[in-house]
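Heads up, the thing below is written out as C-alpha cells.
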Amino acid sequence: MDCRTAERLISLQPDGLTTEESTGLAMHIAGCPSCAREQQLQERLSRTLGEMGRLEMAAPAGLADSVMKQLEAERRIRSKLIFIPAGWRKAVAAAATLLLMAGGSAGITSGIWKMADGGKAVVME
C-alpha cells in the first residue's frame with residue numbers, strides 16, 4: 001500500500017473500513033512513520049471533535065431577542081425594496097416572458113429568411 005492510499009483510508013476510518021482495508025492500513029502504518037503520525041493526528045482530532053459535541057453551553061442572555069430583532073429589521077428592509085404589489089408581479093413576469101418569446105421568434109424568423117436566400121441578408125418591406 002502506498003502513502004496516498006493510506007492517507008485516504010486514515011480519513012475514512014471514522015466511517016468504518018473493511019477488514020481488508022484495516023489490515024492493509026495497519027501493516028502500512030507499522031512501517032511508515034509519516035502515516036503513523038497522520039493516524040495519531042486523525043485520532044486526536046476525532047476525539048477532540050467528539051468531546052466538543054458533548055459540551056453544552058448556554059447562550060448569552062438576550063442573544064435570541066437580539067437575533068430576532070435583527071431578522072425583523074432585515075425583513076422590513078426587504079419588503080420595502082419589493083414595491084411591486086403581489087398581484088402585479090405575475091403580470092410583469094408574463095409580459096417579460098412574452099417579450100422574450102417574441103424577440104426569440106423574430107431572431108429565428110430572420111435566420112430562416114437568411115437561410116432561404118442562401119445566406120444573404122433579406123430586407124422585408
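Assorted remarks:
- Within the set 73, 36, the sole residue that is hydrophobic (A, V, I, L, M, F, W, C) and either open to solvent by 70 Å² or more (accessible area, probe 1.4 Å) or over 28 Å from the mean Cα position of the chain (by Cα) (or both) turns out to be 36.
- Any chance residue 89 is modelled with pLDDT under 85 and among the basic types (Lys, Arg): yes
- For residue 9: the one exception among (1) free of Cβ contacts under 8 Å to residues at least 24 places away in the same chain; (2) part of a loop (DSSP other than H, G, I, E, B): (2)
- Flag for residue 95 being of a type in the set (Gly, Ala, Ser), part of a loop (DSSP other than H, G, I, E, B) and either modelled with pLDDT under 80 or at negative phi (or both): no
- Residue check for residue 1: of a type outside the set (Gly, Ala, Ser), in a loop (DSSP other than H, G, I, E, B) and open to solvent by 70 Å² or more (accessible area, probe 1.4 Å): yes
- Only a single item in (1) open to solvent by 100 Å² or more (accessible area, probe 1.4 Å); (2) in a helix (DSSP H, G or I); (3) modelled with pLDDT under 80 is not met by residue 83, and it is number (2).
- Look at the range 23-52: where a residue is without any contact (Cβ under 8 Å) to a residue 12 or more places away in the chain and part of a helix (DSSP H, G or I), no partner that is open to solvent by less than 40 Å² (accessible area, probe 1.4 Å) and among the charged types (D, E, K, R) sits 6+ places away or on another chain with Cβ atoms under 7 Å.
The values are calculated or read from the model by the stated rules, or taken from the named source; none is laboratory data. Just so it is clear, the structure is predicted and the values come from calculations on it, not from any experiment. Glycine also receives a Cβ, built like all others from the backbone with ideal geometry; neighbour counts cover every protein chain displayed. Ligands, DNA and RNA are stripped out before the accessible areas are found, and what is left, the full protein with its side chains, is counted by its heavy atoms. Shrake-Rupley method; radii C 1.70, N 1.55, O 1.52, S 1.80 Å.
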